[in-house]
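Engineer: Here's a structure for you.
The values are calculated or read from the model by the stated rules, or taken from the named source; none is laboratory data. Small disclaimer: the values here were computed from a predicted structure and weren't measured. Backbone-built Cβ (ideal geometry, glycine too); neighbour counts: all protein chains shown. The area values use the complete protein model at the heavy-atom level, side chains included, leaving out ligands, DNA and RNA. Shrake-Rupley method; radii C 1.70, N 1.55, O 1.52, S 1.80 Å.
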Amino acid sequence: MTSIEKLKFLKEDQVRTLAKEFGTPLFVYSEKEIEQKCDDTLAFPNAFGLQVRYAMKANPNSNILQIMKKKGILIDASSEHEVVRALHFGFSPESIMLTSQEFPKAFVELIGKGVKFNACSLRQLELFGQHFPGKSVSIRFNPGLGSGHTKKTDVGGVTSSFGIWHEKLEEVKAIVNKYNLVVEKVHTHIGSGSDPEVWKAVAKYTLEYAESFPSVTVVSLGGGYKVGRMEDEKSTNLQTIGAPVKIQFEEFAKKHGRKLILEIEPGTYLIALCGALLTTVDDKVDTGKHGFQFLKLDTGMDSNTRPSLYGARHPLITVKKDGGIPSSHKEYVVVGHCCESGDVFTQKEGGEPITRLMGEAEIGDYVVMEAIGAYCSSMSTKNYNSFPETAEVLLRKNGETKLIRKKEPVMEIFRNEILVVE
Ligand code: LLP
């Protein structure tokens, strides 16, 4: 039997207070928890130095970026627009690396400023060479194997378009030589929620790519470190997976006389467990004796699309609106407020609803969705059904609670539309 989930960093009274003060739905983040994750990540085992980049796609709120910056964490940006955002909020161009599927339209301007570029295809490398001959560049390889919490988050192997296929090393070298480029870094990222064994194997391959380019000083092993959101899911222990890789770097140094710096770029690990989504039960319906009991929340895939996209599970905890604890436990299918049958928070990948054992909830009670710090606010189907962007608050270290994003005014959802039909 799956265990009943618990609140992670909030207390029940706090949930009630926050919900009353700010309304629901509401994203709540903890500065203390984020700083703790930064410290864990900065302690990643390494032989000759470590650089940590935050995969800002996980959650790019400016306050979260600021916390990372104060900890000395650099930026992994995945579009030119993320670069603009990071620059706007005070990151230096040199502290940002762009690893992008799409070649940036403002390439010359951004890279000219000093933003680091990670070439993800032969075309990208060629264009880099044409515009910036003789300059330093990083190269992303597809090492031939990948691993993710689902196939949808696996970005290695023959089914993946991410990075330069590892057998194309000679073509890479030809472009590098043609433009006198300095390959300062080799990079791999094989997926999110990766199997640690596959990640370790890929670390070895990545060091082999570094062997091919004597100018390489940094080896980036990407992100993807598993985070157990539910009680029955295991998180990757960074110390455990990092230790053997540290030895690989030491052996590389003995053999080649080069002390390489390790780079990692977690998103999920840094922020997933540092956020909770406060919601209210809006309705309860059932489909009879042979059917299900449904809880309808006042949020949906417009705040967290991970369950409908991946069948991802997030803890769901009932908090009674007037205090006290739920009198019993019940099996519910928990659904969102979007007019979309796939807007179900408890579902298998593919869409079949499954029940979740939770504290019995009445209309008006709160349901806290946990572990929503990563890829929820940033990756939702926001504005579907014209639901406004959900507000966000930060619990400061000093105990203060601060609004860090207002609930979007509905009139702003369609601010860019131009009415031409009379
Ligand atoms: N580096 C690169 C080049 C990436 O593409 C990503 C994620 C990361 C680092 C960070 O990966 P993380 O440590 O967060 O697993 N939306 C999915 C994950 C896909 C993210 C895509 N790239 C999810 O909700 O689990």
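Engineer: Where the only charges are on Cβ atoms (+1 Lys, Arg; -1 Asp, Glu), what is the dipole of segment 177-304 about its Cα centre, to the nearest 20 debye?
Structural biologist: Approximately 600 debye in magnitude.
Engineer: Which pairs in the list 200/246; 168/259; 11/226; 57/151; 116/234 are over 22 Å apart, alpha-carbon to alpha-carbon?
Structural biologist: 168/259; 11/226; 116/234
Engineer: Taking the Cα centroid of segment 90-143 and of segment 330-372, what is the distance between the two, rounded to the nearest whole Å?
Structural biologist: 42
Engineer: Then there is this: Specify the residue with the greatest mean-square fluctuation among 119, 312, 371, computed from a Gaussian network of the chain linking alpha-carbon atoms under 10 Å apart.
Structural biologist: 312
Engineer: Among 396-408, 55-67, 326-338, what's the highest-first ranking by average C-beta atoms within 10 angstrom per residue?
Structural biologist: Details: 396-408: 12.4, 55-67: 21.8, 326-338: 18.2.
Going by the mean number of other Cβ atoms within 10 Å, highest first, we get 55-67, 326-338, 396-408.
Engineer: Can you put 39, 286, 76, 154 in order of accessible area, largest first, using a 1.4 Å probe? All intermediate terms of the calculation are to be shown ahead of the outcome.
Structural biologist: Working: 39 65, 286 95, 76 5, 154 35 Å².
Ranked list, largest accessible area first: 286, 39, 154, 76.
Engineer: Using the Cα gyration tensor of segment 314-419, with a ≥ b ≥ c the square roots of its eigenvalues, what is the shape: rounded (a/c below 1.5), prolate (a/b larger than b/c) or oblate (neither)?
Structural biologist: oblate
Engineer: Could you grab the relative contact order for segment 81-188? Cα pairs under 8 Å, six or more apart, rounded to a whole percent.
Structural biologist: Averaging sequence separation for qualifying contacts and normalising by length gives 26 percent for segment 81-188.
Engineer: Under a Cβ-only charge scheme (Lys and Arg +1, Asp and Glu -1), can you give me the dipole magnitude of segment 31-266 about the Cα centre, in debye to the nearest 20?
Structural biologist: So the dipole magnitude of segment 31-266 works out to roughly 400 debye.
Engineer: Related question: Identify, among 169, 385, 374, the residue whose Cα sits farthest towards the positive end of the charge dipole of the chain, taking +1 on the Cβ of Lys and Arg and -1 on the Cβ of Asp and Glu, with the dipole about the Cα centre.
Structural biologist: The Cα lying farthest towards the positive end belongs to 169.
Engineer: Give the accessible surface of the chain per residue, rounded to a whole number of Å², with probe radius 1.4 Å and ligands, DNA and RNA excluded.
Structural biologist: Here the residues of the chain average 44 Å² of exposed surface.
Engineer: Which translational diffusion coefficient, to the nearest whole µm²/s, is obtained for segment 261-381 from the Stokes-Einstein equation, given a Kirkwood hydrodynamic radius over C-alpha pairs, 37 °C and 0.692 mPa s?
Structural biologist: 220
Engineer: If you don't mind, another one. What does the net charge come to around residue 299 if you take all other residues with beta carbon closer than 12 Å to its beta carbon, with K and R at +1 and D and E at -1?
Structural biologist: Within the 12 Å Cβ shell, the charges total -2.
Engineer: Can you check what the net charge comes to around residue 80, using other residues whose Cβ is under 11 Å from the Cβ of residue 80 (Lys, Arg +1; Asp, Glu -1)?
Structural biologist: Details: positive: 85, 105; negative: 82, 102, 109.
Result for the local shell: -1.
Engineer: Sticking with this structure for a sec: Give me P(r) over segment 64-191, computed from all C-alpha to C-alpha distances, binned every 10 Å, as integer percentages.
Structural biologist: Per 10 Å bin, starting at 0, the Cα pair percentages come out as 13, 41, 34, 12, 0.
Engineer: Same structure again: Kirkwood Rh over alpha-carbon pairs of segment 31-266, then Stokes-Einstein at 4 °C and 1.567 mPa s: what D in µm² s⁻¹, rounded to an integer? Intermediate results must be reported in sequence, preceding the final value.
Structural biologist: Numbers: Rh = 18.0 Å.
Answer, rounded: 72 µm²/s.
Engineer: In segment 248-299, if the dipole is taken from +1 on Lys/Arg beta carbons and -1 on Asp/Glu beta carbons about the Cα centre, which of 260, 290, 276 is farthest to the positive end?
Structural biologist: Positive-most Cα among the choices belongs to 260.
Engineer: Follow-up question, since we're still on this one. Report the label-to-label distance for residue 79 and residue 13 in nanometres (one decimal), using points 7 Å from each Cα along the Cα→Cβ vector.
Structural biologist: Inter-label distance under the simple model: 4.3 nm.
Engineer: Starting from the Kirkwood radius over alpha-carbon pairs of the chain, derive D by Stokes-Einstein at 20 °C in a medium of 1.002 mPa s and give it in µm² s⁻¹. If you can, show how the numbers build up before the last one.
Structural biologist: On the way: Rh = 22.8 Å.
Answer, rounded: 94 µm²/s.
Engineer: Using only Cα atoms, find the angle between the long axis of helix 12-22 and the longest principal axis of the chain, and express it within 0 to 90 degrees, rounded to the nearest 10.
Structural biologist: For helix 12-22, the angle is close to 90 degrees.
Engineer: Within straight cross-link reach of residue 296, meaning Cα distance under 12 Å, which aspartates and glutamates are found once same-chain residues fewer than 8 apart are removed?
Structural biologist: Partners found: 282, 283, 286, 343, 362, 365.
Engineer: Follow-up. Projecting each Cα onto the charge dipole of segment 31-266 (Lys/Arg +1, Asp/Glu -1 at the beta carbon, about the Cα centre), which of 100, 110, 122 comes out farthest on the positive side?
Structural biologist: Most positive-ward Cα: 110.
Engineer: Could you tell me the relative contact order of the chain? Use alpha-carbon pairs under 8 Å, at least six residues apart, and round to a whole percent.
Structural biologist: Once divided by the residue count of the chain, the mean separation gives 19 percent.
Engineer: Could you give the size of the charge dipole of the chain about its Cα centre, using +1 on the Cβ of each K and R and -1 on the Cβ of each D and E, expressed in debye and rounded to the nearest 20?
Structural biologist: My answer is approximately 1140 debye.
Engineer: Here's another thing I want to ask about it. Which value, in Å² rounded to 10, gives the accessible area of residue 225 with a 1.4 Å probe and all protein chains present?
Structural biologist: 10
Engineer: Right, next: Can you tell me how much longer the chain between residue 411 and residue 177 gets when fully stretched, taken as 0.36 nm per residue apart minus their C-alpha distance, in nm with one decimal?
Structural biologist: 78.8 nm
Engineer: Could you give the angle, 0 to 90 degrees to the nearest 10, between helix 31-42's Cα long axis and the longest principal axis of the Cα atoms of the chain?
Structural biologist: Once rounded, one gets 30 degrees.
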